[in-house]
Amino acid sequence: MYQSRLPNFIKKEFPKDEESYNAKILVRAGFVDKLMAGVYTYLPLGLRVLEKITNLVREEINALGAQEIRMPALSPKENWQRTGRWESFDALFKLIGRDKKEYALGPTHEEIVVPLSQKAIFSYKDLPLALYQIQTKFRDEARAKAGLLRGKEFLMKDLYSFHADQKDLDSFYEKVSFAYKRIFQRLGLKALKVEASGGTFSKYSHEFQVFLENGEDEIVYCSHCSFAQNKEIFEENKGYCPLCRSFSLKIGRASEVGNIFKLGTNYSHPFSLKYKDKEGKENLVLMGCYGIGISRLMGVLAEVFHDQDGLIWPANVAPFKVHLLALFGSNKKENRKILERARQIYKKLTALKIEVLFDERLDKSAGEKLVESDLIGIPLRLVVSQKTKDKIEFKERKKKKAQLLGLSSILSKINSLK
């Protein structure tokens, strides 16, 4: 893409009305725009990142054998009354239509997916079943001041599984857990599996937490074993780990990037979701639900991968793999040569299916282009200028030093980038 064709939402300073770093940097670098507290527009660069995260998550969930659907965001009050959450879910957005009926904007979709599944589940032969969607959710957050980490409107992957017995539910639960670990590893995130309260969903659950300096949660964890609990449910003891008995407990701040719940019959019971076993006896279906905040992940990545100059996107979710800059001087004749050489490099890279943002703008100084490039955080930067002569300046965003290389050497480095 030619950068001159990209709307320039980049700002010279951080926005003054944002508290969290992820919101400050994503707004300044032109990835999102704030409409109001907890609600953002995803701009061209931001949407590319969001879609890449979405596709990565989709690949892993599809590999579980789950089927993708898309459920309505709007649902009737009656479904929420059946589960008791019309009154108990304090972040539920409620509205009244012109027909005087009351509706909810979906913060989650148990109340919709269970009656939907009743149209497909009749016998043990119809189980197990796993349905998921990637869809916008709405929650009336009391304090939406953490940027993309806690929004009133956000993109989420929610997966629901249906089982005939506990053994099958337990087995699928572990498979999802491993899939989540793969997802976060592919994103370059070190996510800790943490035991937590199930909230309105179930008695207990597991969260996947990434340590952040300004994280919203406190995690009690052991540096010697796998023990980790959300501090809200941690039972105080004499300071030793309840799992390995070592005195190695620590407390860290973190942000949740995913969660998994064994729902059991909590939602199948209110809707009488049943199946007939081999003997023809009716049984309640057991359920699990599994969420990943797609837009929240984008915010977490911004919090984790940055330096004093701007963002440093992991290669597999960066808006582009390469940022190609043509830097011009005062000599117009020389500038034409620089531009033509940079165009040829751009054509060769795009012909090889390499995603390139080409900054060919004539009205921006070399200094402005370099500052914006660091701010945007594309993994690789190539510079063509009078100083580079017949070479190309190659620099990885996460490294300090640049190299002068030929195009063939650069292609080898691009292909090896993870």
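If we scan the range 26-34, do we find a residue that is modelled with pLDDT of 95 or more, more than 19 Å from E372 (Cβ to Cβ) and in the same structural domain as T265 (by TED's automatic domain parsing)? For the range 26-34, residues modelled with pLDDT of 95 or more, more than 19 Å from E372 (Cβ to Cβ) and in the same structural domain as T265 (by TED's automatic domain parsing): present. Per the conditions (1) in a loop (DSSP other than H, G, I, E, B); (2) over 15 Å from A315 (Cα atoms), the sole criterion not satisfied by K399 is (2).
Evaluated against (1) in contact with a Gly (Cβ under 8 Å, 6 or more places away or on another chain); (2) in the same structural domain as M156 (by TED's automatic domain parsing); (3) outside any strand (DSSP E or B), S246 falls short on exactly one condition, (1).
Scanning the range 265-280 for residues that are surrounded by 20 or more Cβ atoms within 10 Å (Cβ to Cβ) and part of a strand (DSSP E or B) yields one hit, Y275. Has the range 172-185 got any residue that is modelled with pLDDT of 95 or more and in a strand (DSSP E or B)? No, that holds for no residue. Filter the range 59-116 down to residues that are in a strand (DSSP E or B) and aliphatic (A, V, I, L, M) and give me whichever is farthest from G198 (Cα to Cα). Filtering the range 59-116 for residues that are in a strand (DSSP E or B) and aliphatic (A, V, I, L, M), the one farthest from G198 (Cα to Cα) comes out as I96. Sub-6 Å Cβ pairs linking a first residue in the range 53-67 that is among the polar types (S, T, N, Q) to a second residue that is part of a helix (DSSP H, G or I), at least 6 apart or interchain, are T54/I294, ordered by first then second residue.
Within the range 281-339, the set of residues being in a loop (DSSP other than H, G, I, E, B) and either free of Cβ contacts under 8 Å to residues at least 12 places away in the same chain or acidic (D, E) (or both) comprises K281, Q308, D309, S330.
Go through the range 241-271 and report how many residues are of a type in the set (G, A, S) and within 29 Å of I134 (Cβ to Cβ).
From the range 241-271, those of a type in the set (G, A, S) are 246, 248, 252, 254-255, 258, 264, 268; that's our starting set.
Retained after the next criterion (residues that are within 29 Å of I134 (Cβ to Cβ)): 254-255, 258, 264, 268.
The number of residues fulfilling the criteria is 5.
Scanning the range 346-376 for residues that are touching a residue at least 12 places away in the same chain (Cβ under 8 Å), assigned to a helix (DSSP H, G or I) and either over 18 Å from G310 (Cβ atoms) or among the hydroxyl-bearing types (S, T, Y) (or both) returns Y346, K348, L349, S373.
Within the range 1-35, the set of residues being surrounded by fewer than 16 Cβ atoms within 10 Å (Cβ to Cβ) and without any contact (Cβ under 8 Å) to a residue 24 or more places away in the chain comprises R5, N8, K11, K12, E13, F14, P15, K16, D17, L35.
Quick grid of which residues meet (1) basic (K, R); (2) touching a helix residue (DSSP H, G or I) at 6+ places or on another chain (Cβ under 7 Å):
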{"position": "Q67", "(1), (2)": "no, no"}
{"position": "M71", "(1), (2)": "no, yes"}
{"position": "W86", "(1), (2)": "no, yes"}
{"position": "D90", "(1), (2)": "no, no"}
{"position": "K100", "(1), (2)": "yes, no"}
{"position": "P107", "(1), (2)": "no, no"}
{"position": "E111", "(1), (2)": "no, yes"}
{"position": "L116", "(1), (2)": "no, no"}
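Figure legend. Inter-residue proximity from the range 134-147: first residues touching a residue at least 40 places away in the same chain (Cβ under 8 Å), second residues basic (K, R) and assigned to a loop (DSSP other than H, G, I, E, B), beta-carbon distance below 7 Å, spacing 6+ or different chains. Indicated pairs: Q135/R70; F138/K152; R139/K152; D140/K152; E141/R150; E141/K152; A144/R150; A144/K152. Among the residues of the range 274-289, are any assigned by TED's automatic domain parsing to the domain that holds Q166, among the polar types (S, T, N, Q) and more than 22 Å from D158 (Cα to Cα)? Among the residues of the range 274-289, at least one is assigned by TED's automatic domain parsing to the domain that holds Q166, among the polar types (S, T, N, Q) and more than 22 Å from D158 (Cα to Cα), which makes the answer yes.
The values are calculated or read from the model by the stated rules, or taken from the named source; none is laboratory data. All values derive from a computational prediction rather than experimental measurement. Cβ atoms come from the backbone with ideal geometry, glycine included; neighbour counts cover every protein chain shown.
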